[in-house]
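Here's the structure we're looking at; comments come further down.
The values are calculated or read from the model by the stated rules, or taken from the named source; none is laboratory data. The model shown is predicted, which means the values in this text are computed figures rather than measured ones. No Cβ is skipped: glycine too gets one built from the backbone with ideal geometry, and neighbour counts run over all protein chains shown.
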Amino acid sequence: MDGRQTRPAGAAAARRAGGRRVTGPQALAVAVETPQHSAVGGLLDYTSERPLAPGTLLRVPLGRREVPGIVWDRGPAPPAAGLELRPVGTVLSALPPLPADWRALVDFAAAYYQRGVGELALAVLPPELRKLDDTQLARRVARLQREAAAPSAAVPAPPARPVLSAEQAAALEIVSRADRPLLLHGVTGSGKTEVYLRAAEQALAAGRQALVLVPEINLTPQLQARFAERFPGRVLVSLHSALTPAQRLRHWLLAHLGLADLVLGTRLAVFTPLPRLGLVVVDEEHDPSFKQQEGARYSARDLAVWRAAQRGVPVLLGSATPSLESWQRALQGRYRRVEMAERIGGGAMPRVRIVDMSVLPRPAQGERVLAPALLDALHGRLARGEQSLLLLNRRGYAPVLHCAACGWKSGCPHCSAWRVFHKGDRTLRCHHCGLTERVPRACPDCGNLDIAPIGRGTEKLQEQLAALLPGARIARLDADTTRGAGMLEQQLGAVHAGEVDVLVGTQMLAKGHDFRRVTLVAAVNPDAALFSSDFRGPERLFALLMQAAGRAGRDAAQAAASEMWVQTHHPRHPLFAALRAHDYPAFAAAQLEERRQAGLPPCAALALLRAEARDAAVATAFLHDAAALAAGGDFGGGVTVYPPVPPPVSKVADVERVQMLLESPSRRALQALLAGWLPALHGLRAKHKGLLRWAVDVDPLAI
Ligand code: ADP
Ligand code: ZN
Ligand code: ZN
């Protein structure tokens, strides 16, 4: 679908914009934010006294308001003559127009993910741009240009670069003559970052800019430091949601003006205008954080590939455990696979030990936290002054409180979920709607004083470990302990400084940290993910465990003694066999076969239509009508529409959610259906009173 097709006919647009004046030929299309379900794709017609280049930022009247807009490329159909169009408002001429390739990216993304062009275009600009007038903007641009032109202070000499390993050198050679996207499949510690650095160096030497995308920038200050150290005197900017609005504008402007050489950012950075773009890197390309989970639900990884192809520049997707999507494309030859199988310094991957928890006798009292052999191994690490990481993917103390007398459980009154017991501040917290209350002293239903936590989160594990490992310095790293500014850096610093013996945490632990003294990593209870309703559960778990294993033995001297422990009730699960052999290809082959048989991605294309209402019946009725429209319309066929079902957590904050899955072996067929069908759904809305919202998620992560 072309973004322009959603543009209303010229007359409708003019009426919508509320125009009065009859004007001549200087009509132009402007991308504006329109209400999501107004059936307006986001391009409206206005007039201008003087010609304005596409990409120009301006303000335009819309109804009684003035809204930001961007002059857009006009479609093939010129507006009908003699229409009443309103003139544009203020033009922000201080800002160079957003370039054609940026507009093409936005057009593509809006069409593919089924959102308005204007909505998407304006959502990905720094919010601060809306607040400034042309004079203020001109001042900022001039200041940045002045700073760039000023002779810089003495630039420190770049550090000596390491001699590339044979695998790194081979990889770099392939980057320099890339004819398709590259999938850099390198085990943890194989030196992928060094390949990114060298590829960036080549791009910079050629006068180009490099864009490096990472899943979560606040977890990777080390990466930023490595780039900054390697390229002294170069302008390196970051772009992510933790910046202040002023910083974000400044960094974005530096990129757009062509003054920044390197842009390091999270998914939103994929939309940064980069006039001299020469390289795109997506680190940890398998990470789900690259998929936006609200509004336009785009995949920054997939858009990065599209963008690089359109600009004709190399794109490098790096991971130790690639997404099955990228892996399959590499198998098909659409991506070129580059392997780095050796750790730098020849360190071995940690030995994987699978502990069968089902054969261990129940302890006389309480529950079994750790297998005796794992506890011994932890004691050994403590005695040698080495560090251990314990992974438990659940924060809080216990996932639910329970009254044995009457069966009460700590459900959330507003969600179909349990409220989690946080012992530190004695609260019950819903992780879906945020509802937080003090823990009741007694069962709210029957008054029983003996309400007990069921299950275990990181907080409880930390407490249990303190009892099992007296004297050990035990720290915890999860969303609760890193909430405040600088908390994460502080905690990681303590680990690096050797002030921590055992670090307990959620998956946050596994992501990219270069811990040097860790020789033991253990997954305490990973079984839930093996049989989860999420079809990506095993893929996620495998990536997490491989990633976690990669935290151990990063110092080659210690690699021989390093271990990855997994406690499970299903020791013969094939996932663990592949993990033990560090065999991603075998795991991927088995998963791809399962996905093929089940008709799931990457062997099929999916979209989800989600509907929300206070009453689930209303949402379901809307989806049934939508399904009837899909069946009745002539949208090319080849798409299966499944019956509406509630998602795993169906009610959140008193809103019921229902979803309907669309599946096709052909991405093209699915796109064709969506393009024809979704606009027709707008007409259904009026019939379904009480429907709060609906939206489509193309290539959803979970179903
Ligand atoms: P990955 O990203 O693949 O996990 P890194 O790029 O972080 O691996 O490299 C692991 C470690 O090896 C880092 O400390 C890095 O500085 C070091 N390293 C990378 N390449 C080389 C090299 N060619 N020679 C020496 N050390 C290297
Ligand atoms: Zn009770
Ligand atoms: Zn809730």
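For residues that are under 27 Å from the mean Cα position of the chain (by Cα) and free of Cβ contacts under 8 Å to residues at least 24 places away in the same chain, tally how many sit in segment 413-430.
3
Return a yes/no flag: does segment 622-632 have any residue that is among the charged types (D, E, K, R), closer than 30 Å to Cys433 by Cα and assigned to a helix (DSSP H, G or I). Let's see the steps before the verdict.
Taking segment 622-632 first, the residues among the charged types (D, E, K, R) are 625.
Those left that are additionally closer than 30 Å to Cys433 by Cα: 625.
Going one step further and asking which of them are assigned to a helix (DSSP H, G or I), we end up with 625.
Looking for residues that are among the charged types (D, E, K, R), closer than 30 Å to Cys433 by Cα and assigned to a helix (DSSP H, G or I), one finds at least one in segment 622-632, hence yes.
What's the total number of residues in segment 222-243 that are within 17 Å of Arg143 (Cβ to Cβ) and without any contact (Cβ under 8 Å) to a residue 60 or more places away in the chain?
Keep residues of segment 222-243 that are within 17 Å of Arg143 (Cβ to Cβ), which gives 235, 237.
Those left that are additionally without any contact (Cβ under 8 Å) to a residue 60 or more places away in the chain: 237.
Residues flagged as within 17 Å of Arg143 (Cβ to Cβ) and without any contact (Cβ under 8 Å) to a residue 60 or more places away in the chain within segment 222-243 amount to 1.
Just to be sure before I move on: is Gly407 over 30 Å from Ala377 (Cβ atoms), more than 30 Å from the chain's Cα centre (by Cα) and free of Cβ contacts under 8 Å to residues at least 40 places away in the same chain in the structure I sent? Outline the logic, then answer.
Numbers: over 30 Å from Ala377 (Cβ atoms): yes; more than 30 Å from the chain's Cα centre (by Cα): yes; free of Cβ contacts under 8 Å to residues at least 40 places away in the same chain: yes.
When the stated conditions are applied, Gly407 passes them.
Hey, can you tell me all the residues within segment 580-594 that are in contact with a Leu (Cβ under 7 Å, 6 or more places away or on another chain) and crowded, with 18+ Cβ neighbours inside 10 Å?
Our first condition is that a residue be in contact with a Leu (Cβ under 7 Å, 6 or more places away or on another chain); within segment 580-594, this holds for 587-588, 591-592.
Passing the criteria: Phe587, Ala588, Gln591.
Looking at this structure, is Val696 within 18 Å of Ala598 (Cβ to Cβ), more than 16 Å from ligand 3 (Cβ to nearest atom) and in contact with a Leu (Cβ under 9 Å, 6 or more places away or on another chain)? Before the answer, list the steps.
Details: within 18 Å of Ala598 (Cβ to Cβ): no; more than 16 Å from ligand 3 (Cβ to nearest atom): yes; in contact with a Leu (Cβ under 9 Å, 6 or more places away or on another chain): yes.
Criteria not met by Val696.
I need a count of the residues in segment 333-373 that are among the acidic types (Asp, Glu) and assigned to a loop (DSSP other than H, G, I, E, B). Outline the logic, then answer.
Here is the first cut: in segment 333-373, the ones among the acidic types (Asp, Glu) are 339, 342, 356, 367.
Next cut, assigned to a loop (DSSP other than H, G, I, E, B) only: 342, 367.
Result for segment 333-373: 2.
Could you tell me which residue of segment 370-427 is modelled with the lowest pLDDT, considering only residues that are surrounded by fewer than 16 Cβ atoms within 10 Å (Cβ to Cβ) and among the acidic types (Asp, Glu)?
Ranking the candidates gives Asp425 first.
Being away from ligand 2 (no atom under 16 Å from the Cβ), part of a loop (DSSP other than H, G, I, E, B) and not small (Gly, Ala, Ser) is the filter here, so list the residues in segment 374-412 that pass it. Before you say what the answer is, go through the steps one by one.
At the first step, the residues of segment 374-412 found to be away from ligand 2 (no atom under 16 Å from the Cβ) are 374-399, 412.
Subsequent filtering for residues that are part of a loop (DSSP other than H, G, I, E, B) retains 385-386, 392-397, 399, 412.
The answer is Glu386, Leu392, Asn393, Arg394, Arg395, Tyr397, Pro399, Cys412.
I'm trying to understand the selection: among the residues of segment 407-441, which are touching a Lys or Arg at 6+ places or on another chain (Cβ under 6 Å), farther than 20 Å from Arg456 by Cβ and of a type in the set (A, V, I, L, M, F, W, C)?
Of everything in segment 407-441, just one residue is touching a Lys or Arg at 6+ places or on another chain (Cβ under 6 Å), farther than 20 Å from Arg456 by Cβ and of a type in the set (A, V, I, L, M, F, W, C), namely Cys415.
Check every one of the helices (runs of 4 or more DSSP H) wholly within segment 115-205 and list those with 1 or more residues that are surrounded by 22 or more Cβ atoms within 10 Å (Cβ to Cβ). First the steps, then the outcome.
Values: elements: 117-123, 134-149, 166-176, 192-205.
Output list reads 117-123, 166-176, 192-205.
Report yes if Leu592 is at pLDDT below 95 and part of a helix (DSSP H, G or I), otherwise no. Before you say what the answer is, go through the steps one by one.
On the way: at pLDDT below 95: no; part of a helix (DSSP H, G or I): yes.
For Leu592, the condition - at pLDDT below 95 and part of a helix (DSSP H, G or I) - is not met.
Please go through segment 266-309 and pick out each residue that is acidic (Asp, Glu) and assigned to a strand (DSSP E or B).
Taking segment 266-309 and keeping what is acidic (Asp, Glu), we get 283-285, 287, 294, 302.
Selection gives Asp283 alone.
Out of Arg362, Arg307, report the one residue that is more than 13 Å from ligand 1 (Cβ to nearest atom), modelled with pLDDT under 95 and not aliphatic (A, V, I, L, M). First the steps, then the outcome.
Details: Arg307 fails: modelled with pLDDT under 95.
Exactly one residue qualifies, and that residue is Arg362.
Could you list, in sequence order, the residues of segment 371-419 that are of a type in the set (Ser, Thr, Tyr) and under 24 Å from Asp654 (Cβ atoms)? Walk me through it before giving the result.
Of segment 371-419, the ones of a type in the set (Ser, Thr, Tyr) are 388, 397, 410, 416.
Listed by number, the residues that qualify are Ser410, Ser416.
Suppose we keep only residues that are within 16 Å of ligand 3 (Cβ to nearest atom) and of a type in the set (Ser, Thr, Tyr) within segment 414-472. Which one would you say is farthest from Leu375 (Cα to Cα)?
Ranking the candidates gives Ser416 first.
Scan segment 598-615 residue by residue and report those that are at pLDDT below 95 and either in contact with a Gly (Cβ under 7 Å, 6 or more places away or on another chain) or assigned to a helix (DSSP H, G or I) (or both).
Correct list: Ala598 only.
Out of all the residues in segment 428-453, which are surrounded by 15 or more Cβ atoms within 10 Å (Cβ to Cβ) and among the β-branched types (Val, Ile, Thr)?
Val439, Ile451
If the requirement is being over 27 Å from Arg161 (Cα atoms), of a type in the set (A, V, I, L, M, F, W, C) and either touching a Phe, Trp or Tyr at 6+ places or on another chain (Cβ under 7 Å) or modelled with pLDDT of 90 or more (or both), which of these qualifies: Leu253, Leu262?
Numbers: Leu262 fails: over 27 Å from Arg161 (Cα atoms).
Every option except Leu253 fails the conditions.
With the condition kept exactly as written, say whether any residue in segment 294-305 is more than 19 Å from the chain's Cα centre (by Cα) and either surrounded by 24 or more Cβ atoms within 10 Å (Cβ to Cβ) or more than 19 Å from Ala121 (Cα to Cα) (or both). Spell out the reasoning first.
First, pick out the residues of segment 294-305 that are more than 19 Å from the chain's Cα centre (by Cα): none.
No, segment 294-305 contains no residue that is more than 19 Å from the chain's Cα centre (by Cα) and either surrounded by 24 or more Cβ atoms within 10 Å (Cβ to Cβ) or more than 19 Å from Ala121 (Cα to Cα) (or both).
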